[in-house]
Structure formats: C-alpha cells, structure tokens
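Peer 1: Here it is, the structure in full.
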Amino acid sequence: MTTLLVGFLAAALLLAVRAWCVLRGHGTPRSRKKEAVSLLAVAGSGGHTTEMLRLLSNLSTAYSPRYYVLAETDTMSEERIRSFESTRNHESRPPLYSIHRIPRSREVRQSWISSVFTSIKSALHCFPLTARLRPDVILCNGPGTCVPVCLSALLLGIIGIKKTIIIYVESICRVESLSLTGQILYYFSNVFIVQWPLLKDKYPKSIYLGRLV
C-alpha cells in the first residue's frame with residue numbers, strides 16, 4: 001500500500017510540474033515554419049457564427065484543413081458554414097474542412113447548477129475529438145461551446161500530446177465587460193483580443209486591434 005501511495009504521489013507531482021511548465025510558457029508560443037496550419041473554429045448560434053465567418057474570411061488559405069465545432073442543438077450554423085466554404089477561393093482545389101458536433105455545455109436560460117453536469121458531458125466529448133484532430137490553432141469568439149474545447153486542448157498540451165495555440169476574439173457586442181466565456185478563457189488563451197479600448201484598459205493581457213468584424 002505504501003509503495004502504491006508513493007507511486008501515485010510521484011505521478012501526481014510529475015503531472016503538476018508538467019502543467020506548471022506548460023502554463024508558464026502558455027503566453028509565448030514558439031513560431032514555426034509550416035506551409036499549412038490546421039485551424040479549429042468554434043461556431044455558436046446567432047451572431048457568434050456571423051462574426052466567426054467574418055474573421056475567417058480574412059484568413060489565407062494556408063489555414064487548412066479547417067475544423068468547425070458546433071453544438072448539437074445549433075440548427076443554423078452548419079448550413080452557413082457550408083455556404084461560406086463553398087464561396088471561398090480554394091485555388092481550384094476542393095475545400096478542406098469538416099464539421100463536428102458536440103453536446104452544448106450550457107443552453108440559454110439553463111440553470112447554473114444543471115450546466116455543471118452538461119459542461120462535464122460536453123468536455124468528455126471534446127477531449128477525444130481534439131485528441132484526434134490535433135489542431136495547430138483554435139479560434140473562438142464567445143459561445144460557451146468553446147470552453148470545453150479549449151480546456152481539452154490545454155489538457156493535451158499538459159500531458160504532452162499536442163501544443164495548440166488558443167486565440168480568443170471577444171465579441172464586438174462586449175463593450176464594457178467580458179462575456180462569461182471571455183472571463184474564463186482570459187486566463188487560458190495564448191492571444192486574447194478585444195474590439196473596444198475600454199476592455200483593453202480593464203484587462204491588461206488583452207490586445208486591442210480595433211474592430212475586426
């Protein structure tokens with residue numbers, strides 16, 4: 001029993017050290033020379049998807065393949081994503097993208113207590129998905145769905161499977177305060193972008209680039 005306990009404590013200590021090392025260097029990702037960068041974009045119902053597609057429209061085709069993740073109950077985003085991809089200039093090549101659905105972590109007006117259990121369910125679906133896709137970059141802009149996705153990617157980095165750069169762009173609608181998702185990912189993202197100068201003043205880590213969408 002003593003040997004088992006020592007082994008468990010040693011493994012826990014190694015994992016803690018690994019997590020500390022990853023989080024310590026989390027804000028300064030190393031640049032790499034690579035022709036293509038795989039991108040995972042988290043879509044959300046309503047305005048989130050609109051803003052996300054506007055962001056993606058400004059990216060080069062070097063961001064390929066593109067993986068879209070959306071909630072199971074999101075009935076509108078998939079059609080808009082497919083329409084967006086079909087109209088992009090792919091230089092005579094077929095579009096390299098795929099769409100993946102996960103359980104929504106929190107529905108609109110869902111109680112906070114019940115959302116704990118739905119978030120856990122969503123996270124359990126996200127980890128094997130991100131482990132399989134292993135994106136180089138995750139781009140998200142506010143829907144609650146991106147929280148379990150980003151935390152799963154962070155866990156992959158902690159255990160040494162894949163280091164993913166997380167870029168968060170706060171919604172243009174957030175003028176004076178961050179969304180709940182933004183408040184969470186402010187501490188875990190590599191790059192945190194706001195679209196209003198007041199938010200930059202309140203959150204020093206953030207980057208203000210003006211209006212992006």
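Laboratory data are not the source of any read-out in this text; all were calculated from the coordinates shown. The model shown is predicted, which means the values in this text are computed figures rather than measured ones. Every residue, glycine among them, receives a Cβ derived from its backbone with ideal geometry; neighbour counts consider all protein chains shown.
Peer 1: Between residue 124 and residue 100, with labels modelled 7 Å along Cα→Cβ, what's the label distance in nm to one decimal, could you check?
Peer 2: 1.8 nm
Peer 1: Pop the C-beta distance of residue 187 and residue 86 into the FRET formula with R0 = 41 Å and round what comes out to the nearest 0.05. If you can, show how the numbers build up before the last one.
Peer 2: On the way: r = 37 Å, r/R0 = 0.91.
The formula returns an efficiency of 0.65 here.
Peer 1: So if R0 is 30 Å, what FRET efficiency would residue 60 and residue 180 give, r being the distance between their Cβ atoms, rounded to the nearest 0.05?
Peer 2: Numbers: r = 32 Å, r/R0 = 1.06.
Rounded to the nearest 0.05, the efficiency is 0.40.
Peer 1: While we're looking at this one, here's another question. If you add up the charges near residue 197, with Lys and Arg at +1 and Asp and Glu at -1, over every other residue whose beta carbon is less than 12 angstrom from its beta carbon, what do you get? Mind dumping the intermediate values first?
Peer 2: Values: positive: 200, 202, 211; negative: 176, 201.
Every neighbour counted, the sum reads +1.
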